[in-house]
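J.: This structure is in structure tokens; I'll ask about it shortly.
Derivation of every value follows stated rules applied to the coordinates shown; laboratory data play no part. This structure is a prediction, so every number in the text was calculated from the model and none was measured. Please note: Cβ atoms are built from the backbone with ideal geometry, for glycine as well, and neighbour counts cover all protein chains shown.
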Amino acid sequence: MLKSSVYGSLLWAEVDRELNSLLFISNGMASFISAYRHDLRPEKIKFILKDLWERSKHVRNLGVAVGYKITYVYPEVGNSKIIGKDFRDIAKQWPKVKQAVDTRQGVFDGPVDLLQDGKGFIYRYPIYLDDTYWGIMSTVINTDEFLDAAFKNTPKSQPFAIRTSDTKAVFYGDPNLFEDKNAYRQTSIVPNGKWEWAIKNNPNPFTNQFFVYQLLGFLLSLMCGAMVYRIILAMRKLSEQAMLDSLTSLPNRRLLQDRLDMAYLSCNRTGKMMAIFVIDIDYFKKINDTYGHDFGDEVIKTVANAIKVTLRDTDTVSRVGGDEFIVLLKEFKVLENVHAIAHKLSEVFASPWLIQDQEITIHLSIGISVYNPQQPVSIKALMKQADIALYESKTKGRNCFNFYQE
């Protein structure tokens, strides 16, 4: 019985190793959608799905539902019939989808009957943006291929069977093992679910050797997994740092340019307008000279946060150097919206601020240019117009905003 217990642990270690490599796919896609929430072009999502699928093993298809409607699937060949389906209308799959959304955790389901024919495991991972449900990522795993890969090195002399804990449906091995009173029983935890195992008590000399090899392989896998995880974290951190300002953590000029390009294309496609604010802190050099550079850094961070909370989540505030900020307001229909935000910024800085126990008045000069697809100009020209409007604000005595006019 002891050897069966060890054998069962090693069997689960094999499954867990194969499974973890697949679960990271959904987590990675969720991270991508969160990072690029302002630039979720269909072609970009499809490209990421294709890349993830080509790098994975045992995966039949990857899918992304926006809300509850399956919107993106890769590969589409053989899976196209599920595009456009609403999970709430799929009675057999909806309970697990709802469980994932309600618990905000990944849920492992299956094997289940697939709408596109056949059976498969499905790992569903809910995606939340700013604490609001956005959609769900599904990884559909080829059941037989996955299990064959997990158990390819197991000895055939000690048979076992596996079933789901909730439905008692046996999906691997001989179901009669669960009726054998002498069989060793164990339970394994999968994401928001359980598997039950029945292992025949039939140890032999080869099993002892198998234990050693499997245990060494398991330990080596743990070491490699930890190393890969640390590398991924480091790469992700470097990628984020390359796109963000080091002092304020706002988008830098590089990320701003990407968002300007996307907003520009979106405006031309939808017919809506966008606006650019170029913002300078009035007399910032005097603040630095009077209170020191550390105090000046705190002023910049205060201004950055104050601007950010004034805007919508869909807008972008960027620090492009020194005391200069650029704000991108995208997809609005009436100019009054831009006036309202400009007035709101002026009100935010109308009263003194307490910074490092010093009460200080902070004023902003703002230049604004508006892009209308009916009168198209380039992004470069739009930026120049905002700079001209900023110069006009300064010549008017600062502490004001000014719109560019021909």
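J.: Grab the other residues whose beta carbon is less than 15 angstrom from that of Phe295, score K and R as +1, D and E as -1, and report the net.
T.: -4
J.: Could you run the Karplus curve 6.51 cos²θ - 1.76 cosθ + 1.60 with θ = phi - 60° over region 98-108 and give me ³J(HN,Hα) per residue in whole Hz, x for Gly and Pro?
T.: 4, 4, 5, 5, 5, 8, 6, 9, x, 10, 9
J.: May I ask what percent, to the nearest 5, of DSSP beta bridges between residues of the chain are antiparallel?
T.: Roughly 95 percent of the beta bridges in the chain run antiparallel, per DSSP.
J.: Same structure again: Scattering from the C-alpha atoms of region 253-403 alone, worked out with Debye: what is log10 I(q)/I(0) at q = 0.11, 0.16 1/Å?
T.: -0.42, -0.85
J.: Which of the GluC sites (Glu not before Pro) found in region 3-76 are in a DSSP loop and have at most 15 neighbouring Cβ atoms, other than their own, within 10 Å?
T.: Those satisfying the criteria are Glu76.
J.: Taking every Cα atom in region 105-147, find the radius of gyration and the maximum pairwise distance Dmax, and write them in Å.
T.: 12.4, 38
J.: Then there is this: Which ³J(HN,Hα) values in Hz, rounded to whole numbers, follow from the phi angles of region 62-69 under the Karplus curve 6.51 cos²θ - 1.76 cosθ + 1.60, where θ = phi - 60° and Gly and Pro get x?
T.: After applying 6.51 cos²θ - 1.76 cosθ + 1.60, I find 10, x, 10, 9, 8, x, 10, 9 Hz.
J.: I need the calculated FRET efficiency for the pair Asp144 and Trp94, taking r as the beta carbon distance and R₀ as 22 Å, to the nearest 0.05.
T.: Efficiency computed from Cβ-Cβ geometry: 0.30.
J.: Using a Förster distance of 22 Å, how high is the FRET efficiency between Tyr291 and Arg253, based on the Cβ-Cβ distance and rounded to 0.05?
T.: The pair Tyr291/Arg253 has a calculated efficiency of 0.25.
J.: For an R0 of 41 angstrom, estimate the FRET efficiency from the Cβ-Cβ distance between Lys333 and Asp113 and round to the nearest 0.05.
T.: Given R0 = 41 Å and the Cβ-Cβ separation, E is 0.30.
J.: Next question, about the same structure. May I ask for log10 I(q)/I(0) of the chain at q = 0.08, 0.09, 0.11, 0.14 Å⁻¹, from a Debye sum over the Cα atoms as equal point scatterers with solvent left out?
T.: With no solvent term, the Cα-only Debye profile gives -0.62, -0.72, -0.90, -1.18.
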